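Throughout, read-outs are computed from the coordinates displayed, never taken from laboratory work. Bear in mind that the values here come from a model prediction, so they are computed numbers and not experimental data. All Cβ positions, glycine included, derive from the backbone under ideal geometry; neighbour counts span all protein chains shown.
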Number of protein chains: 2
Amino acid sequence: MDVTVNTKKDAGDKPTRIQEINRRIILEAALDVFSTYGFRGSTIDQIAEKSGMSKPNLLYYFKRKQDIYVSVLEETLEEWLQPLHELKPEGDPVEELRRYISRKIEMSSKRPEASRLFANEILHGAPAIKGFLSTSLKKLVDEKASVIRQWVSEGRLAPIDPYHLIFMIWATTQHYADFDVQVRAVLGPQVDKAGFAEQSAQAVLSLILNGIKVR
Amino acid sequence: MDVTVNTKKDAGDKPTRIQEINRRIILEAALDVFSTYGFRGSTIDQIAEKSGMSKPNLLYYFKRKQDIYVSVLEETLEEWLQPLHELKPEGDPVEELRRYISRKIEMSSKRPEASRLFANEILHGAPAIKGFLSTSLKKLVDEKASVIRQWVSEGRLAPIDPYHLIFMIWATTQHYADFDVQVRAVLGPQVDKAGFAEQSAQAVLSLILNGIKVR
DNA sequence: GGAAAACTTGACCAAGCGGTCAAAAGTGAG
DNA sequence: CTCACTTTTGACCGCTTGGTCAAGTTTTCC
């Protein structure tokens, strides 16, 4: 799979009103479809139907299936990394991490499709965003890891490798979105009760925070 | 996707020597292919080529693509859950959980394809093993959760919901297998150095164990 | 050694799907 | 209103892919 973006109007032509609206509609439908069936498992027709437009029309806005996929992926990526950006060195370590974890959990519970879209992409070798991962993402993580390392060296956090900590936060917070069916199969209908999300958040938070507090 | 197994000789005819050998070969190739590309993304031809046999021949052993998929899934499932079976109420809680986590990490690192196969299946709604999840798996988890709950009520573990603890162990231990490309993108070539697996294991272990020890 | 059963395969088919095209319908600036 | 431009679509094409089939080859067992 290639990585070029190549939407209809590649050049700087500013999009018309109709273009803006229809691109939005398509990308929203595409997120739904791609996150459910994966890239290969999704068809242009599915996206077209969900968008309420014909397949050729959809192809008028995005020349190739891949372009839709990459666009929706890129769009969601920025939003997805926002919480990590907001981890500030000035704050109290435990409090900063608590907020980070809380926001990640909140996002996973409110937009599980986004979480699944990434999970699927990465699971299959991240063909479309490998470049992004090893540049922008790496840079961001390196930056925040050194913040955490600083906290540790100041004795404000238990000694733990910052990268592994970040991975663990990702793993645990996204688990409930990505593996939803499994969670449901094991826990049954209580998953739908009000307050379940909060309860999970509480469990994740207390375990991780306990693990990183100095004692 | 249906869930029937339907291999060539449905009846109790015991397989011939050749059947046994070729089924093995096919299932091994299939694990590789399915775990890399997912069900929809894999083709029978790929599996046939990897098995060194023709497509019609492969279809002689498994009537449909799905049958191969379900077989390899079922086969790996049992192996995958073995460590949880071995969590014994008689042992020391922290020591039991340490061993469980260690074994899970070891399996994820030695057989990442198996981990990815499940991850992909569940991510897409577990069409082929939903039944299994809500019966056998649920039963097993319920059983072990009550062991953990007992430990907590005896004050031998910090108060944490056993189900969430199990989910967190699954999430963290499988993260390094399922999201390998992401880990690589962020950490670079050090991932291939000897001892990296041990280092990750140590990080996961220390964080979770710290989180569950009574203080 | 030979017949029956098990195994193997090249050729083929039908459906699904990504993508094209030409022509029709709609939109908007002057 | 008009004309150029944008948007929309039915029909269609070619390739991939799951699956079949009939005919050939090998194995097994007496």
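Measure up B:55/B:130; B:88/B:139; A:104/A:139; A:104/A:213; A:55/B:55 against 22 Å on the Cα-Cα distance and list the ones that go over.
B:55/B:130; A:55/B:55
Would you list the P(r) distribution for the protein assembly as shown, with all Cα-Cα distances sorted into 20 Å bins from 0 and each bin expressed as a whole %?
Each 20 Å bin holds this share of Cα pairs: 24, 55, 21, 1.
Residue by residue through region A:199-215, which ³J(HN,Hα) values in whole Hz follow from phi under the Karplus form 6.51 cos²θ - 1.76 cosθ + 1.60 (θ = phi - 60°), with glycine and proline marked x?
5, 4, 4, 4, 5, 4, 4, 5, 5, 5, 5, 4, x, 10, 6, 6, 10
Let me have the relative contact order for region B:23-132, percent, based on Cα pairs under 8 Å that are six or more residues apart.
33
What lysines could a cross-link reach from residue B:193, if we take a straight Cα to Cα line under 16 Å and drop same-chain neighbours fewer than 8 places away?
Candidates past the 8-residue exclusion: B:110.
Please list, in order along region B:132-141, the HN-Hα scalar couplings obtained from phi with the Karplus expression 6.51 cos²θ - 1.76 cosθ + 1.60 (θ = phi - 60°), rounded to whole Hz, x for Gly and Pro.
With coefficients 6.51, -1.76 and 1.60, one gets 4, 4, 8, 10, 4, 4, 4, 4, 4, 5 Hz.
For helix A:65-85, report the angle its Cα long axis makes with the longest principal axis of the Cα atoms of chain A; keep it between 0 and 90° and round to the nearest 10°.
For helix A:65-85, the angle is close to 20 degrees.
Relative to the longest principal axis of chain B, what angle (0 to 90°, nearest 10) does the C-alpha long axis of helix B:17-41 take?
With rounding to tens, the tilt is 70 degrees.
I need the semi-axes of the equivalent ellipsoid of chain B: take the C-alpha gyration tensor, multiply each eigenvalue by 5, square-root it, list largest first in whole angstrom.
36, 22, 14
Across region A:145-151, in residue order, what do the Karplus-derived ³J(HN,Hα) couplings come to in whole Hz, using 6.51 cos²θ - 1.76 cosθ + 1.60 with θ = phi - 60° and x for Gly and Pro?
Coupling constants for region A:145-151: 4, 6, 4, 5, 4, 4, 4 Hz.
Take A:49, A:198, B:121 and order them by how many other Cβ atoms sit within 10 Å, fewest up front.
By the 10 Å Cβ count, ascending: A:198, A:49, B:121.
Pairs of Cα atoms under 8 Å, at least six residues apart: use those to get the relative contact order of chain B, whole percent.
Computed over chain B, the figure is 23 percent.
What ranking of A:76, B:43 emerges when the number of other C-beta atoms within 10 Å of each C-beta is taken as an exposure proxy, fewest first?
Fewest-to-most ranking of A:76, B:43: B:43, A:76.
Over region A:110-196, what is the mean sequence separation of C-alpha contacts under 8 Å (at least six apart), divided by residue count, expressed as relative contact order in percent?
Result for region A:110-196 is 32 percent.
Based on the Cα coordinates of region A:29-122, what is the per residue volume of their convex hull in Å³?
Looking at region A:29-122, the number lands at 96 Å³ per residue.
For region B:175-215, what number results from the quotient of the Cα radius of gyration and 2.2 N^0.38 Å?
Dividing the Cα Rg of region B:175-215 by 2.2 N^0.38 Å gives 1.38.
Nearest 10 degrees, 0 to 90: what angle lies between the long axis of helix B:112-123 and the longest principal axis of chain B (Cα atoms)?
The answer is roughly 90 degrees.
Going 7 Å from Cα along the Cα-Cβ axis for the label, what nanometre distances separate residue A:57 from the same residue across the other copies?
5.1
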